[in-house]
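The values are calculated or read from the model by the stated rules, or taken from the named source; none is laboratory data. Nothing here was measured: the structure is a model prediction, and the numbers come from that model. Note: ideal-geometry Cβ built from the backbone for every residue, glycine included; neighbour counts use all protein chains shown. Accessible surface areas use protein heavy atoms only, side chains included; no ligands, DNA or RNA. Shrake-Rupley method; radii C 1.70, N 1.55, O 1.52, S 1.80 Å.
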Amino acid sequence: LYRIRTAWEEKRGAIAHRIADALIAIAAFLGLGATFLLFCPELSTRFHSLQLLLEVGLIGASGGLVSLLRRIQAVPGDTNRLNSLIEAEYGEDVIWLLSSVSGAAFSLVLLLIFVTGLLTGDAFPDLKTLQGDLLSRLVAVPADGSRLAKLFLWSFLAGFAEQLVPDFLDRLAGSAKK
């Protein structure tokens, strides 16, 4: 029992360190992107929509990783520790990748939901009223700090609350059937 507890805590610590390393890498990448915008404005206009897509995806991935970190830390210490250890040992890569990839994907889907105007209100970024095609709209988003902040907040939430976007899509599909 002592060895199982020790092995579980070691594994949980290793996963937490891996998540922390990924979050630091994401923060560094986002910081480099912001620096790029400040010091190379003529180049940044060409890549601005791509940069925004990357930022939204990375922020969503970080939301998924923070959610995973919280779930790992919340596993009860006294029940099913052996099962948790086995799952963590053999499924770590899958769990880690699924959390980050699903967070990124859901944040990008949420961006499209905002662009189409399917979700509106004061708490959401208003991207539907921006003029032009999708890329033109994405270029215009950072000009309004409020829209950008709301977009980044919801991107993080899309990754963190993993059922937020799928539940919305289920409701949308259900209303489309009716």
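If you go through the range 106-121 and keep only what is free of Cβ contacts under 8 Å to residues at least 12 places away in the same chain and touching a helix residue (DSSP H, G or I) at 6+ places or on another chain (Cβ under 9 Å), you end up with 112, 120.
Conditions (1) over 12 Å from the mean Cα position of the chain (by Cα); (2) touching a residue at least 24 places away in the same chain (Cβ under 8 Å), marked per residue:
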| position | (1), (2) |
| --- | --- |
| 138 | yes, yes |
| 145 | yes, no |
| 150 | yes, yes |
| 154 | no, yes |
| 165 | no, yes |
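Might you let me know whether the range 11-22 holds any residue that is open to solvent by 30 Å² or more (accessible area, probe 1.4 Å), at pLDDT 75 or above and among the small types (Gly, Ala, Ser)? Looking through the range 11-22, at least one residue is open to solvent by 30 Å² or more (accessible area, probe 1.4 Å), at pLDDT 75 or above and among the small types (Gly, Ala, Ser).
Conditions (1) under 25 Å from residue 14 (Cα atoms); (2) open to solvent by 50 Å² or more (accessible area, probe 1.4 Å); (3) assigned to a loop (DSSP other than H, G, I, E, B); (4) of a type in the set (D, E, K, R), marked per residue:
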position	(1), (2), (3), (4)
99	yes, no, no, no
107	no, no, no, no
126	no, yes, yes, yes
138	no, no, no, no
150	no, yes, no, yes
159	yes, no, no, no
166	no, no, no, no
169	no, yes, no, no
175	no, yes, no, no
